[in-house]
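Enquirer: So that we are looking at the same thing, I have put the structure below in structure tokens.
The values are calculated or read from the model by the stated rules, or taken from the named source; none is laboratory data. Bear in mind the structure is a predicted one, so any value in this text is a computation, not a measurement. Quick reminder, even Gly has a Cβ in these numbers, built from the backbone with ideal geometry, and neighbours come from all protein chains shown. Quick note on the areas: whole protein, heavy atoms, side chains included, nothing else; ligands and nucleic acids left out. Shrake-Rupley method; radii C 1.70, N 1.55, O 1.52, S 1.80 Å.
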Amino acid sequence: MRRFLGCSLLLFGSLAQAQSADAPWYVGASLGLTRVSNLYRLGGDAAANDDTVRSATLLAGVQARLGRQRWKLDANLSQNKYQRNSQLGYNGHSVSASWDWASGSRLSGQLLAGSERTLAPFNPGNVAISTEKNIERNDRARAYARYGLYGLWAVDGGLTLNRRDFSIALYDRFEYTQRSADLGLRYQASAELSLRAATRQSRATYPRFGRVFGSTDFVEDRVRRKDLDLSADWTPSSAHQFALRLSRSTALHSVASAADYEGSSGSLNWSWVPTAKLLLQTRLWRDIGDDTREFTSFFGTINSSNNRRYDGLRMQVVYQVSAKVSLQASVSEIRRDFVDEIGLQIRGNQDRTRAASLSARWAFDRNGMVSCQVAADRRTGSANEFSPPYRAHSSGCSLQYLLN
């Protein structure tokens, strides 16, 4: 369900951004109806738990420009009701604000802040199975600055703060706060190629990772992470665009030492526009634990501290049938190697999650859009109490209308 809504919100967001690119404000609403099988993501022996979900969302945004400064605020409030599992109904929100600034010809930067409240994915594979309603909240803030040196060189860096919490006690051990700082040197080799070398330091705290034996007090797990990043952005032609990052990463835990990691990570993004109507995008990545770059993801919050390593691949095709109609298809796969350490007991596991979706969008006028989608996902791997294999699918449609 969350994956389906995530793709729908991406479609909504693209329409809102297109309509509000130059408009000082917009307001709107959307209605959605989704049928989802295996709502709780249980194994094959579990009883059927399909459901129909109705969602209503209010959207609004404002922006202003003053010289080289730009302010922007986007927000949405949603109400979600479940036909069979009424106890899961919840109100969610998403708010983001940004300020793009520049001073003189050399110094520029950006301030970002955002907050999201939603229903956490059921049984993501890193905690005991539960069908209890679990509200997840994520907050983030980032400050970034760039200073142009003489010639083709520039120095840039930023500070990032992340926080995540859950409403049920079972997920206490996955709540965390994270601070990250990065500093890099950038070289504009040509109009098509930009190179960057940077160092990144992160500190994360899981304040309720576990309990002291025989006590109600909590044990916290502190994570120290270091990354050395080498990245390149290359646009060889108007039809191709590449973004590559290679990192040497080290993560050390104060308590969950079995999840310590030292090795390589990175990502590769490729966009190809072979014709005026066709767009192909591919992303390949490897990372560890909770990553400051992965604030949100297609698979929800499966990136937790006991993921020693996860590898992912996602491919997407967008075809513009006409000026008002577009089709989108995507397939993805994530492989995880994770370990959980509780007291003297260490549990390890590997699993694989595959997903596919197909959607169609019709912009019936400049303010309105109808979107429909079908999606399916499947998890395989070592069957245990943390990551049971399952199959699930969903389908639904949404209507959105904006004024500006």
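Enquirer: How much accessible surface does residue 272 have with a 1.4 Å probe, in Å² rounded to 10?
Expert: 90
Enquirer: While we're on this one: Just in region 222-281: which trypsin sites (Lys or Arg not before Pro) are loop by DSSP and have at most 13 other Cβ atoms within 10 Å?
Expert: Within region 222-281, the qualifying trypsin sites (Lys or Arg not before Pro) (loop, at most 13 other Cβ atoms within 10 Å) are 277.
Enquirer: For region 105-226, with all protein chains present and a 1.4 Å probe, just round the carbon and sulfur fraction of the accessible area to a whole percent.
Expert: 59
Enquirer: Whole angstrom only: what separates the Cα centroid of region 106-133 from the Cα centroid of region 353-404?
Expert: If you average the Cα positions of each part, the centres end up 18 Å apart.
Enquirer: Might you work out the accessible area of residue 334 for me, using a 1.4 Å probe with all protein chains in place, and round it to the nearest 10 Å²?
Expert: Here the residue's solvent-accessible area equals roughly 10 Å².
Enquirer: Right, something else. Filter the GluC sites (Glu not before Pro) in region 119-193 to those in DSSP coil with at most 14 other Cβ atoms within 10 Å of their Cβ, and list the result.
Expert: Qualifying residues, ordered by number: 132, 192.
Enquirer: Let me ask something additional. Around residue 322, what is the net charge, scoring Lys/Arg as +1 and Asp/Glu as -1 over all other residues with Cβ under 15 Å from its Cβ?
Expert: Local net charge: +3.
Enquirer: Right, something else. Determine the per residue accessible area of region 114-228 with all protein chains present and a 1.4 angstrom probe, expressed in square angstrom.
Expert: Result: 50 Å² of accessible area for each residue.
Enquirer: Can you give the accessible area of residue 22, probe radius 1.4 Å, in Å² rounded to 10?
Expert: Looks like 150 Å² after rounding.
Enquirer: Heavy atoms only, 1.4 Å probe, whole protein assembly: order 187, 176 by accessible area, highest first.
Expert: If we order 187, 176 from most to least accessible, we get 187, 176.
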